[in-house]
Amino acid sequence: MDLVVKDEKYLLLVEQIKATISEAVHTSRWVLVEGYWLIGQLIRQDFPQRGITKALQGLAVDTQISERTLWYAVQFYDKYPDIQKLPEGKNITWNKLITKYLTEPKEIDDTCNHKWVCVKCKLQK
């Protein structure tokens, strides 16, 4: 039993609601990407090269964001210092950035005292 007559006005409302939700989802994904880029920028400004491992450990505890996520944010900022030049523009998600465009940031190196080592160059980050 239909409670609402599905006339043109109603169908237009349905389309407007769908478009609004679609845009909100798209916008929220982009805002998250921008947020992680800004986090990477903030960390890189305070720790341009050395000391980032200990900084990430402390920041992870104090912000309750994992070291891995913080490292991805730094790597993201380093790889794309101009956020407007992302490969897929504003159509990218944080998850896709991590899985497609960023490399695995950490590996355990049992031969030294450093907990995290850059996978690419094998140097402490």
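The values are calculated or read from the model by the stated rules, or taken from the named source; none is laboratory data. This structure is a prediction, so every number in the text was calculated from the model and none was measured. Counting neighbours? That spans all protein chains shown, and the Cβs are built from the backbone with ideal geometry, glycine included.
Please pick out the residue among K85, K6, K54 that is at pLDDT below 95, farther than 26 Å from E104 by Cβ and of a type in the set (D, E, K, R).
K6
Restricting the search to the stretch 77-99, which residues are hydroxyl-bearing (S, T, Y) and either surrounded by 11 or more Cβ atoms within 10 Å (Cβ to Cβ) or outside any helix (DSSP H, G or I) (or both)?
Listed by number, the residues that qualify are Y77, Y80, T93.
Could you figure out which of (1) modelled with pLDDT of 95 or more; (2) under 20 Å from E104 (Cβ atoms); (3) exposed (fewer than 12 other Cβ atoms within 10 Å of the Cβ) isn't true of A24?
Unmet condition: (2).
Given the structure, is R44 charged (D, E, K, R) and within 18 Å of Y101 (Cβ to Cβ)?
yes
Anything in the stretch 61-73 that is buried (at least 16 other Cβ atoms within 10 Å of the Cβ) and closer than 21 Å to T93 by Cβ? List them, or say none.
Answer for the stretch 61-73, where residues must be buried (at least 16 other Cβ atoms within 10 Å of the Cβ) and closer than 21 Å to T93 by Cβ: T69, L70, W71, Y72, A73.
Of all residues in the stretch 28-52, which are in a loop (DSSP other than H, G, I, E, B) and either among the polar types (S, T, N, Q) or touching a His at 6+ places or on another chain (Cβ under 8 Å) (or both)?
Q49
Within the stretch 53-76, can you find the residues that are part of a helix (DSSP H, G or I) and under 17 Å from W37 (Cβ atoms)?
Residues satisfying the conditions are L56, L59, T63, R68, T69, L70, W71, Y72, A73, V74, Q75, F76.
When the stretch 45-60 is examined, which residues are found to be free of Cβ contacts under 8 Å to residues at least 40 places away in the same chain and buried (at least 17 other Cβ atoms within 10 Å of the Cβ)?
Once the filter is applied, which keeps residues that are free of Cβ contacts under 8 Å to residues at least 40 places away in the same chain and buried (at least 17 other Cβ atoms within 10 Å of the Cβ), the stretch 45-60 yields F47, L59.
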